[in-house]
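Read the structure below first, then the notes.
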Amino acid sequence: MKKIISMKNTIIDYENLALLNAPFFDEYTKVFDETLKSGWYILGKCVEAFEKEFALFNKSNHCIGVASGLDAITLSLKAFDFDGGSEIIVPSNTYIATILSVLQNNMKPILVEPSLATYNIDPEKIEAAITKKTKAIVIVHLYGKPCNMDPIINICKKYDLKLIEDCAQSHGATYKNKHTGTFGDFGAFSFYPTKNLGALGDAGAVLSKDTELAKNIIKLRNYGSTVKYYNDIVGFNSRLDEIQAAFLSVKLKHLDEINNHKRKLASIYISNLKSDFIKPVVDIDYKDVYHIFNIRHEKRDELRNYLLDNNIKTEIHYPVSPSKQKALQGNLSHYEYPISEKIHATTLSLPISFFHTEDQVNRVIEVMNMF
Ligand SMILES: Cc1ncc(COP(=O)(O)O)c(C=O)c1O
């Protein structure tokens, strides 16, 4: 397809981690130097400090740093010690990690379709999926939009189910002024570098209001031990390391600024993109953080190529739905998930990183509105 704006033809990346982190380089260098010279690299003062800061930021009682977002969900499920073969409800529209966390606990993921308006699990479809074997629901605040929490909490109460929130994409997002990650028994976070609160490597954390549950995670992440060489349960090595914790403490101070910038860019997209594109819904009770800003369009692939021809890079979250992933064949019930399929076939993620400017977003809009 032809290029339409030859004058302003510089490339707009979808993401660029060096540019995203550039404003924090001086602070990172300082804490790296301090941590390096401290000689203490695993489970020390930096991890403790970050855990306190992140619990405070979210108004939660406990935060436990772990090695990744996948581990945060896996250990959360493990902490309940459910029987193998128990059923765990998960959204059919999510990143594969949510589903892998269930399989890694030898339990059965039961997929529930999302709402086509919000892309998050549809509370009205959850009850039909509950059986005697159901033990918990793992919800995902996808793209940084909080799930519809009131009905989900009511269902958990009614059926006595545990609730785990996958907050890998929703750092700082709130539902009715309460942070995602503080509604359920556990809030599981990823700090993968592209996340709104991203580290400079793999990292994750679990939030919990419950002291006993938090103690389970503290043991599970460190070989089942709280006293060196005394192991109470079969645990893992899933520790957040000191250097990443130090970087995360730096970034956490800027998280509101990062989220507000992304919200500003999202509001420009929402106000100015023509109505041919299906845009994210906005609701006063839901304060999104737009980890991902997606639109949907029937000619998504054509649109993506057209944008690339005009030097605008985009992404697809995600091109293949979990139920169609080769790795999951044989692990899921053989149902059809038409809403997820529709989302996967039509969704397109637009540039919305901390380094993107309003001018760049306006250029994306200008080009898109000529499609
Ligand atoms: C929704 C969701 N859950 C879980 C994860 C897993 O996080 P990590 O890559 O840190 O293991 C991700 C990461 O991309 C994610 O997007």
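Read-outs: derived from the displayed coordinates by stated rules, not from any lab. Keep in mind that what you see is a predicted model, and the values were worked out from it rather than measured. Positions of Cβ are backbone-derived with ideal geometry, glycine not excepted, and every protein chain shown enters the neighbour counts.
Need the C-alpha centroid separation for segment 156-199 versus segment 32-89, integer Å. Taking the Cα centre of segment 32-89 as reference, the centre of segment 156-199 is 13 Å away.
Could you please report the charge total around Glu15, scoring K, R as +1 and D, E as -1 over all other residues with beta-carbon less than 9 angstrom from its beta-carbon? Before the final figure, lay out the partial values.
Numbers: positive: Lys313; negative: Asp13, Glu315.
Residues close to Glu15 contribute a combined charge of -1.
Measuring against 24 Å, Cα to Cα, the residue pairs Lys195/Lys287; Lys125/Lys342; Lys78/Lys133; Lys145/Lys326; Lys30/Lys145; Lys45/Lys251 contain Lys145/Lys326; Lys30/Lys145 as the ones spanning a longer distance.
R0 = 45 Å: FRET efficiency of Asn369 with Thr131, Cβ-based, nearest 0.05? Mind showing how you got there, number by number?
Values: r = 48 Å, r/R0 = 1.07.
For Asn369 and Thr131, the calculated efficiency is 0.40.
With n ≥ 4 as the cut-off for DSSP H runs, can you work out [θ] at 222 nm for the chain, using -39500 (n - 2.57) per run divided by the number of residues, rounded to the nearest 500?
Working: 13 runs with 135 residues, N = 371.
Taking each H run of at least 4 residues, the total per residue is -11000 deg cm²/dmol.
Sequentially through segment 340-347, phi angles give Karplus couplings (6.51, -1.76, 1.60; θ = phi - 60°) of 4, 4, 5, 5, 5, 7, 10, 7 Hz, Gly and Pro residues having no value and appearing as x. Shown in residue order for segment 351-367 are the 3J(HN,Hα) couplings computed by the Karplus curve 6.51 cos²θ - 1.76 cosθ + 1.60 at θ = phi - 60°: x, 7, 8, 4, 8, 6, 9, 4, 4, 5, 5, 5, 5, 4, 4, 4, 5 Hz (x for Gly and Pro).
About its Cα centre, the dipole of segment 129-265 is roughly 320 debye, where the only charges are +1 on Lys and Arg Cβ and -1 on Asp and Glu Cβ. Highest-first packing order for the peptide set 41-49, 194-202 is 194-202, 41-49, based on the mean count of other beta carbon atoms within 10 Å.
At q = 0.07, 0.13 Å⁻¹, work out log10 I(q)/I(0) for the chain with the Debye formula, treating every Cα as an identical point scatterer and leaving solvent out; two decimals please. For the requested q values the scattering log ratios are -0.31, -1.06. Take 325-331, 95-101 and order them by the average number of nearby Cβ atoms within 10 Å per residue, most first; the result is 95-101, 325-331.
Ranked by the mean number of other Cβ atoms within 10 Å per residue, highest first, peptides 296-305, 76-85 order as 76-85, 296-305. Secondary structure note: in the chain, about 60% of the DSSP beta bridges are antiparallel.
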